[in-house]
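The values are calculated or read from the model by the stated rules, or taken from the named source; none is laboratory data. None of the values given here were measured: they were computed from a predicted structure. For neighbour counting, all protein chains shown are included, and Cβ atoms are generated from backbone atoms with ideal geometry for every residue, glycine included.
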Amino acid sequence: MPREKSSAYVCSSCGHDEPKWMGRCPSCGEWNTFKEIKGVSALAASLAVPPPARQLLADTDPTPPERFPTGIAELDRVLGGGLSPGTAILLGGEPGIGKSTLMLQVAASLPGTGLYVSGEESPGQLKTRADRLKLKQDSLEILCETDLDTLIAILNQKVPAYLVVDSIQTLVSAEAGSIPGTPNQLKIVGHRLTSWAKGHGVPLFLIAHVTKEGIIAGPKVIEHLADTVLYFDHSSTDLRILRASKNRLGSVDEAGLFQMDAGGLKPIVNPAGFFLEHRKTGPPVGSAVAAVYEGSRILLVEIQALTVSAKGTGGRVYSDRIEAARISRIAAVLERHAGLRLSDQDIYINVAGGLRICDTGAELAAALALVSARSEKALPANLAVFGEISLAGEIRAVPHMRRRAKTAVDSGLKNWISAESGDDKEKFPGMGYRTSLIKEAAAWVLSRS
């Protein structure tokens with residue numbers, strides 16, 4: 001019968017365990033990181049939880065968990081309708097983008113007395129920020145602590161209505177070594193906090209730093225532990241876009257739009273036409289307005305195109321807010337089916353306001369922006385565009401075409417151009433032009449320029 005292990009050696013950097021001490025970790029390559037843990041491995045000891053009771057799937061209650069609003073409508077939209085008891089939410093973003101500001105605003109709006117755990121800012125700094133934001137402060141307790149065991153003991157003494165940890169990289173568990181932010185630390189800290197929150201039915205917000213690539217620092221296992229993973233996208237000087245990359249309780253297609261000013265993060269009241277507010281005159285050359293479907297609402301965004309003679313043997317595409325491969329495909333379709341020579345041009349594509357677009361309904365707008373830029377003729381005024389481009393040079397219908405046309409008309413764009421749709425017999429609002437060929441669409445806009 002095999003003898004039970006009396007101890008194990010665990011790497012404090014990555015969590016790899018070995019039956020005996022080693023100078024160099026075979027998993028992560030770090031030196032002198034193995035620590036002896038009596039009884040069982042550190043990872044097993046840290047992650048051990050009582051097994052849940054088994055039940056038949058047929059006997060499971062399908063009623064969704066109760067939700068309550070956070071007090072910030074744009075955040076509720078991204079979460080899928082509000083908070084649920086025991087929900088673990090991971091919030092990531094660049095430094096200074098507004099993560100702590102948003103959490104303070106949420107804490108001032110939630111019912112009950114919550115706890116804000118800060119490992120980076122002092123109580124005086126948090127007080128100064130709350131005063132500047134003019135937030136309610138009599139229902140929020142603050143704690144500056146970085147030791148995980150001490151924090152768990154304090155939480156067990158008095159269970160808060162909700163818990164905010166800013167940030168998870170600052171917490172340290174003695175079982176995983178003394179260096180905060182290592183993968184092993186994040187595994188243990190994340191598991192113990194989410195297990196505690198679910199066991200006590202307390203909503204948990206975990207703020208996390210991001211790497212230079214824009215992803216949450218640390219192992220991806222942190223994201224698996226959370227019910228919802230939110231990212232702040234910094235698109236311009238004052239615009240903040242909040243997206244969900246994972247949401248067990250809602251959709252990941254929604255986006256929350258905020259403006260940052262001295263008073264904190266303010267939800268954008270009119271998101272449909274927000275990206276066109278700077279326009280005072282008609283569209284310039286190389287510009288087209290796309291009606292894009294973002295989550296459950298329609299946004300009007302300006303797609304800008306510029307073409308210049310290529311400096312090398314062939315043209316290149318420069319685009320980061322719309323996938324460059326998609327722009328290359330659209331340019332090839334225009335050259336093949338609309339007779340617009342673009343292979344000898346460098347193509348630059350920009351989305352005004354910095355919104356990242358994935359909706360295929362914006363392809364026709366990008367195509368017509370290229371037509372305008374190459375022909376040096378501006379598109380007709382008050383024109384909204386929506387449709388998908390196929391490799392055969394066809395314009396295909398996209399979802400919610402009537403809603404796109406109505407949003408454009410309500411925002412002052414009384415003209416629109418889109419694909420033919422056999423399913424929609426009802427006339428769309430405004431004055432529109434429908435065609436199934438990109439060649440006809442290009443000819444139509446040029447004839448009215």
Quick one: is residue 294 over 20 Å from the mean Cα position of the chain (by Cα) and of a type in the set (D, E, K, R)? no
Do we have any residue at all in the range 256-263 that's hydrophobic (A, V, I, L, M, F, W, C), part of a loop (DSSP other than H, G, I, E, B), assigned by TED's automatic domain parsing to the domain that holds residue 109 and more than 11 Å from the chain's Cα centre (by Cα)? yes
Looking at the range 157-174, which of its residues are touching an Asp or Glu at 6+ places or on another chain (Cβ under 8 Å) and either part of a strand (DSSP E or B) or surrounded by fewer than 18 Cβ atoms within 10 Å (Cβ to Cβ) (or both)? 166, 172, 174
Under the condition of being over 15 Å from the mean Cα position of the chain (by Cα) and farther than 14 Å from residue 238 by Cα, which residue from the range 92-107 is surrounded by the most Cβ atoms within 10 Å (Cβ to Cβ)? 107
Considering the range 163-184 alone, what residues qualify as being under 25 Å from the mean Cα position of the chain (by Cα) and touching a residue at least 40 places away in the same chain (Cβ under 8 Å)? 163, 164, 165, 166, 167, 168, 169, 170, 171, 182, 183
Sole miss for residue 197 among (1) among the small types (Gly, Ala, Ser); (2) without any contact (Cβ under 8 Å) to a residue 60 or more places away in the chain; (3) not in a loop (DSSP other than H, G, I, E, B) is condition (2)
Mind telling me which of the residues 338, 352, 366 ends up being in contact with a helix residue (DSSP H, G or I) (Cβ under 8 Å, 6 or more places away or on another chain), hydrophobic (A, V, I, L, M, F, W, C) and surrounded by fewer than 19 Cβ atoms within 10 Å (Cβ to Cβ)? 352
Would it be correct to say that residue 303 is among the β-branched types (Val, Ile, Thr), in a strand (DSSP E or B) and closer than 22 Å to residue 108 by Cα? no
In the set 373, 441, 397, the lone residue that is within 26 Å of residue 328 (Cα to Cα) and in contact with a Gly (Cβ under 6 Å, 6 or more places away or on another chain) is 373
Long-range neighbours under 7 Å by Cβ, at least six apart or interchain, first residue not assigned by TED's automatic domain parsing to the domain that holds residue 296 within the range 77-88, second buried (at least 19 other Cβ atoms within 10 Å of the Cβ) and hydroxyl-bearing (Ser, Thr, Tyr): 79/228; 82/70; 83/70; 87/228; 88/194
Could you identify the single residue in 252, 269, 229 that is free of Cβ contacts under 8 Å to residues at least 60 places away in the same chain, within 16 Å of the chain's Cα centre (by Cα) and farther than 21 Å from residue 370 by Cβ? 252
Can you name every residue in the range 35-72 that is modelled with pLDDT of 50 or more, β-branched (Val, Ile, Thr) and either within 31 Å of the chain's Cα centre (by Cα) or under 30 Å from residue 11 (Cβ atoms) (or both)? 37, 63, 70, 72
